[in-house]
Amino acid sequence: MNTSAFLNYLQSQDAYENQIAHVEHIQPRGAEYGLLNEPLSATLEGCLAKQGISSLYTHQAEAVNKARQGENVMAATSNASGKSLCYNVSVIEELLAEPASRAIYLFPTKALAQDQLRVLREVFCSGPFRAEDFSTFDGDTPQAERAEIRRRARIILSNPDMLHLGILPNHQSWSRFLRCLKYVVIDEAHNYRGIFGSHIAGVLRRLRRICKLNGSNPRFICCSATIANPGEHAEKLTGLPFSVIDNDGSPHGGKEFVFWEPPLVDKARNTRQSVNTEASHLFTELVNQSIRTLTFARSRRLTELIFSYSRDRLMGTNPPLAKRIKAYRAGYLPQERRQIERQLVGGQLLGVVATVALELGIDIGDLEATVLTGYPGSIASTWQQAGRSGRGMERSLSFFIGLDNPLDQYFMRHPEAFFQKSVENALVNPDNHYILRAHLLCAAWELPLSDHDETFFGPHFTRERTELGGQGMLRQGNRNRKWYLSPTISYPAQAINIRSSSMESFALIDTSTSSLMETVDASIAFFQIHPGAVYLHQGEAYLVSKLDLDSHTAYAEPTIAAYYTQTKEIEDLRVTSVIRSKNCGPVEVYLGEVEVNNTVVGFKKKAQHTDEVIEEEPLELPTQEFSTISLWFDLPSEATSRLDKAQLDFAGGIHAAEHAAIAMLPLFALCDRNDIGGVSTPLHVDTGKAQIFIYDAYAGSIGIAEKGFEIIEELWRATLEVVTDCPCVEGCPSCIQSPKCGNNNKPLDKKAARILLEGLLGL
């Protein structure tokens, strides 16, 4: 596509108000090929040749060489770099050499498994393989076919959910397959982070344990987008050592990466045009030019909002095109999602508005443009989303629209900080107290626990096993001293949602049809389906009338609403222990365990298109309590004295500094702002001091606070920079205001925050 022509077109429009903050011209890159230590078999070479593959890129060849040497491999390269050949060649080679061998491929979504099944059959069924040698096995697999798939399939394509729920608890039925298991492939491994990744670590340790029972010791091949710690990440997921391959030899076309700044609508308050309105404007302009486009939104709600805005725009300007766009997110029925994928690949759709569900590597054809509605939370995810366009050698476009928050605005003002910054660490905590205990119960159901299992579950195994025994959930046998699951517990895997810290979900019922619309995770139910909430599904609005806490059911009816809703919550925190501390110039910084109380106290009605607050309503919902890890730090006495002399608001200063620091922490950790919580107080009851706390917003933690503790001075510097650079006077959403603040962003004092941050850095 002619990217320059389209950008010139945008700049010529009446709606253009200098939104282009920066354009990064990314040059195309040619291919680099590698050599195998030993040539491929004629059969395998022939299969690849039919697909036009005569040579392997450097990273593909190195992966095959390492796997041949018996090593576990982590390939961390860019989007569309051909990572699937890193494992397909190795696995197919093993299957050709030893027909009894088996492999299991794990993908984060069913769609990815179906996509890779199609690739396997297209490439390798022209040779010695039959279609039935490769099969998916997931929740959609008919019961009547499952036994036959276990018997005949040589490669099973599945997901961690099915491994956790269906395969491991029923491993006796899989003994023949597991006995011959030579490879475990973990694709899109960067997606396994946070709570989800920590659960996956538990599942994979259970898999290794059951493999040992069956006499196998499979090698692991992991593939990931570019992250800072690929080897460490793979090792935390599996508990095994890995060889890392990150020398990407794949070619790619050039790209114009555009940083797009919504225009100011109120210069005095430094508030900007709604990012959702800007996203729908860019999306519809691209679609109007027949440019195949994928727009990413950061949540289900925003996906629906942008789709609704875009559909309305197109209905007014070009009605036939309104039928050629769709929304795509989790929660839709599988058939609905598959249809959208097929329509996008087939060209019936010109554009899709999606959550990160389409960030992953499913083949959706050659897209020409991507629109990122706000910073996705990490450098790695930003490149992953932008990389969905321009998968061939043609030039492509990517737009990053800056939200009204400190981190997005930091990048708008300092694009070099984005393009020069290394990708972040993927955070996983296999020792999370709650998660480890859950998987020990599952493991005990599968096979009684013994002292040898510390090899799989790590140094906290014995302590957690003993605790579970003390709670009556495990019991020790008299003869063999092994630990058995309590007979009162049945099928523990069923009670564990590996994609959430919550083990439960709420049903959302459409009262107009008395039918189930969606299921909503319990951990977010209070924020999305509370009474009075406007919930969106395929662009249609539903008003939640009731939330039944006893039956875990919410009821909603279709509505017409010119607003959307956003919750307000308040937090309270108690220190239970200090893990470690360090001196940073004038203050002490701490890392420790805390108890957090979170209460949703109300919600705002915000106007569509403008995001203006129409009104606020109170809510009475139960407090949610959880234990987690937090960092906290003292406030410098010299800076406090400066505030007194200047008659600035100390409480407003620490509150503002807390907001800005939380917003900037995703710059250093692979996480989202919503993964982080914070509390600031002029006098904390447990410490007797003024303090700022920043904690993991998950029970048991996932390592965010620990990362913040390690880089605390870098965090202070970045926070000071964003507060100083923001042109507003009193403070605004771009620097110190938080959309989640339960106190309506009161009190806040920007000047005081700046002095405190300078004091922390000894300036």
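Some observations on this one:
- Checking (1) 78, 71, 56; (2) 147, 76, 44; (3) 88, 64, 53 against Cα extents along the principal axes in Å calculated from these atoms, the matching label is (1).
- Set LYS689/LYS750; LYS236/LYS707; LYS604/LYS707; LYS323/LYS606 screened for pairs whose C-alpha atoms are more than 25 Å apart: LYS604/LYS707; LYS323/LYS606
- Theoretical gain in end-to-end length, GLU595 to LEU35 [0.36 nm per residue, Cα-Cα removed]: 196.1 nm
- Paramagnetic label zone (point 7 Å from Cα along Cα-to-C-beta, SER422; backbone N under 13 Å) in segment 221-254: 227-232
- A dipole drawn for the chain from +1 and -1 charges on Cβ atoms has a positive end, and of LEU112, GLY477, ALA369 the residue lying farthest that way is GLY477.
- Take the Cβ atoms of ALA507 and LYS645, set R0 to 56 Å, and the FRET efficiency comes out at 0.45.
- Of all aspartates and glutamates in the structure, the ones whose alpha carbon falls short of 17 Å from that of LYS751, not counting any fewer than 8 places away in one chain, are GLU638, ASP644, ASP649, GLU658, GLU721, ASP725, GLU730.
- Two-site FRET efficiency, ARG463 against ARG68, from Cβ-Cβ distance with R₀ of 30 Å, rounded to 0.05: 0.15
- Chain lengthening between THR687 and THR43 when straightened (0.36 nm per residue, less Cα-Cα): 224.9 nm
- Magnitude of the charge dipole, the chain, Cβ model with Lys/Arg +1 and Asp/Glu -1, debye to 20: 2080
- Of the trypsin sites (Lys or Arg not before Pro) found in segment 234-296, the ones in coil according to DSSP and having at most 12 other Cβ atoms within 10 Å of their Cβ are LYS267.
- Between ASP451 and ALA562, the simple label model (points 7 Å from Cα in the Cβ direction) yields a spacing of 7.3 nm.
- Considering only LEU305, VAL203, ILE629, and ranking their Cα positions along the charge dipole of the chain that arises from unit charges at the beta-carbon of Lys, Arg, Asp and Glu, the one farthest toward the positive end is VAL203.
- Between the residues LEU213, ILE291, PRO241, the greatest Cα displacement towards the positive end of the dipole of segment 191-348, with unit charges on the Cβ of Lys, Arg, Asp and Glu, is found for LEU213.
- Applying the criteria of a DSSP loop state and at most 16 other Cβ atoms within 10 Å to the trypsin sites (Lys or Arg not before Pro) of segment 660-763 yields LYS689.
- Straight-line cross-link partners of LYS568 among the aspartates and glutamates, defined as a Cα under 14 Å from its Cα and at least 8 positions apart when in the same chain: GLU615, GLU616, GLU617, GLU620.
- Each residue, THR553 and VAL119, gets one label point 7 Å from its Cα in the Cβ direction; the gap between the two is 4.3 nm.
- Peptide packing: for 33-39, 433-439, the average count of neighbouring Cβ atoms within 10 Å per residue gives the ranking 433-439, 33-39, highest mean first.
- Cleavage-rule hits (trypsin sites (Lys or Arg not before Pro)) in segment 469-572: DSSP loop, at most 10 neighbouring Cβ within 10 angstrom: ARG479, ARG481
- The stretch between SER627 and GLU232, if pulled fully straight at 0.36 nm per residue, gains 139.6 nm over its current Cα-Cα span.
- Burial order of peptide ranges 624-631, 644-651, 97-104 (average beta-carbon count within 10 Å, highest first): 624-631, 97-104, 644-651
- Only the Cβ atoms of Lys and Arg (+1) and of Asp and Glu (-1) were treated as charged; on that basis the dipole of segment 505-561 about its Cα centre amounts to roughly 100 debye.
- Those residues of segment 459-477 whose amide nitrogen sits under 11 Å from the label point placed on ILE489, 7 Å along Cα→Cβ: 465-475
- Size of charge dipole - segment 33-245 - debye, nearest 20, with Cβ of Lys, Arg +1 and Asp, Glu -1, no other charges: 680
- Estimated 222 nm signal from helices in the chain, with DSSP H stretches of n ≥ 4 weighted -39500 (n - 2.57), rounded to 500: -10500 deg cm²/dmol
- Summing charges over neighbours of ARG395, with a neighbour being any other residue whose Cβ is under 10 Å away from its Cβ, gives -2 when K and R count +1 and D and E count -1.
- FRET efficiency estimate (nearest 0.05) - Cβ-Cβ, ALA330 to ARG481, R0 51 angstrom: 0.70
- Annotation: the antiparallel percentage among DSSP beta bridges lying fully within the chain is about 60.
- For the chain, cysteines whose Cβ has no other cysteine Cβ within reach (under 4.7 Å): CYS47, CYS86, CYS125, CYS180, CYS211, CYS222, CYS223, CYS442, CYS584, CYS671, CYS741
Every number here is computed from the coordinates shown, using simple stated rules; none is lab data. Bear in mind the structure is a predicted one, so any value in this text is a computation, not a measurement. We place every Cβ from the backbone using ideal geometry, glycine too, and count neighbours over all the protein chains shown.
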